[in-house]
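S.K.: Right, I'll just put the structure down here and ask away after.
None of the figures in this text is laboratory data; all of them are computed from the coordinates on show. All values reported here derive from a predicted model rather than from experimental measurement. Don't worry about glycine lacking a Cβ; one is built from the backbone with ideal geometry, like all the others, and counts go over all protein chains shown.
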Amino acid sequence: MEKISIGNNVFLLPMPMVLVGSRKEGRANFMAVAWVSRVNASPNAMCIAIGNKFTAEGIFENKEFSINIPSVDLIAKTDLMGLVSGREYDKSKEFDIFYGSLKNAPMIRECPVTMECRLIESVRLEVDTIFIGEVRNAWTEEKYLTNGTPDITKVSPFCLSMPDNRYWSIGEQVGKAWHDGLELKEKLEKI
Ligand SMILES: Cc1cc2nc3c(=O)[nH]c(=O)nc-3n(C[C@H](O)[C@H](O)[C@H](O)COP(=O)(O)O)c2cc1C
């Protein structure tokens, strides 16, 4: 099979869309972020990569932020949070806000799952900064749980693909992790 080069600006991996909450100039602010990942098991840590944004200033200032997972019915509001800056608009008015133990990590009541994070470390790159935060607590509602854990079909998050800039919902379950490779493992020869 012949491969063709498509340059270095293609990231066709589904990226989960989140809303990052921070506080700046005495008010809550939310920003759309696709560059987000879990990065450490203990303590539980998440990282976000964000540019020189109003949000970044708030996180540097207060060392706290939140990660809110919106469901597909919040697509338009999520997109809006990526179209305008808190420097020019009071974006806090768009949501019902609540707080956990961190007073500078505003969370969105409309989002099925939210996490409050304390900044552990920041890594400045050429354009963006990677903020690594310890997840102090995560919040949800009974209706999003199945057998006590968040159920992705009930939470209904969505992803972004780049560079075509489209949103995608989660599809069907296609397998089981740490399980579907077990049969192949049996056939492996140990070194
Ligand atoms: C779909 C989408 C994904 C985005 N992902 C990121 C991201 O991962 N990192 C980033 O720095 N900006 C990202 N942005 C841009 C910011 O959300 C946007 O610049 C926002 O206005 C910043 O808000 P603030 O100035 O209030 O902090 C994204 C925007 C959209 C629409």
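S.K.: Ranked highest first by average number of other Cβ atoms within 10 Å, how do 38-46, 62-70 line up?
M.R.: On the way: 38-46: 12.7, 62-70: 24.6.
Most protected by this proxy first, the peptides run 62-70, 38-46.
S.K.: In bins 10 Å wide, starting from 0, what share of all Cα pairs of the chain does each bin hold, as a percent?
M.R.: Spelled out per bin, shortest first, that is 8, 32, 34, 17, 7, 2, 0.
S.K.: Need the C-alpha centroid separation for segment 7-59 versus segment 174-191, integer Å.
M.R.: First find each Cα centre; the distance between them is then 34 Å.
S.K.: Between residue 166 and residue 188, what is the spin-label point distance in nm, taking each point 7 Å from the Cα along the Cα→C-beta axis?
M.R.: The two pseudo-label positions are separated by 3.5 nm.
S.K.: Between 149, 55, 140, which gets the highest mean-square fluctuation from a Gaussian network model of the chain, Cα cutoff 10 Å?
M.R.: 149
S.K.: Tell me, in nm to one decimal, what length is gained between residue 176 and residue 138 on full extension, where the rule is 0.36 nm per residue of separation less the Cα-Cα distance?
M.R.: Numbers: separation 38, 0.36 × 38 = 13.68 nm, distance 2.42 nm.
Length difference between fully extended and current span is 11.3 nm.
S.K.: Using 0.36 nm per residue, how much length does the chain from residue 37 to residue 13 gain when fully extended, once their Cα-Cα distance is taken away? Before the final figure, lay out each step's value.
M.R.: On the way: separation 24, 0.36 × 24 = 8.64 nm, distance 1.26 nm.
Result for the pair: 7.4 nm of gain on full extension.
S.K.: Can you work out the Karplus-derived ³J(HN,Hα) for every residue in segment 18-28? Use 6.51 cos²θ - 1.76 cosθ + 1.60 with θ = phi - 60°, whole Hz, and x for glycine or proline.
M.R.: 3J(HN,Hα) across segment 18-28, in whole Hz: 10, 10, 9, x, 8, 10, 8, 6, x, 9, 6.
S.K.: Find how much the distance from residue 159 to residue 145 grows on full extension, using 0.36 nm per residue of separation minus their present alpha carbon separation; answer in nm with one decimal.
M.R.: Details: separation 14, 0.36 × 14 = 5.04 nm, distance 2.06 nm.
In short, 3.0 nm is gained.
S.K.: Given the options 35, 178, 139, which has the most mean-square fluctuation in a GNM of the chain, springs set between C-alpha atoms less than 10 angstrom apart?
M.R.: For the chain, modelled as a Gaussian network with Cα springs under 10 Å, the answer is 178.
S.K.: Whole-Hz Karplus ³J(HN,Hα) for segment 183-191, in order, using 6.51 cos²θ - 1.76 cosθ + 1.60 and θ = phi - 60°, x for Gly and Pro?
M.R.: Residue by residue, segment 183-191 yields 5, 5, 4, 4, 8, 6, 9, 5, 5 Hz.
S.K.: Under a crude label model (7 Å from the Cα following the beta-carbon direction), how far is residue 124 from residue 89 in nanometres?
M.R.: About 3.0 nm separates the two model spin labels.
S.K.: Connecting C-alpha atoms closer than 10 Å in a GNM of the chain, tell me which of 146, 78, 129 has the biggest fluctuation.
M.R.: Residue with maximal mean-square fluctuation among 146, 78, 129: 146.
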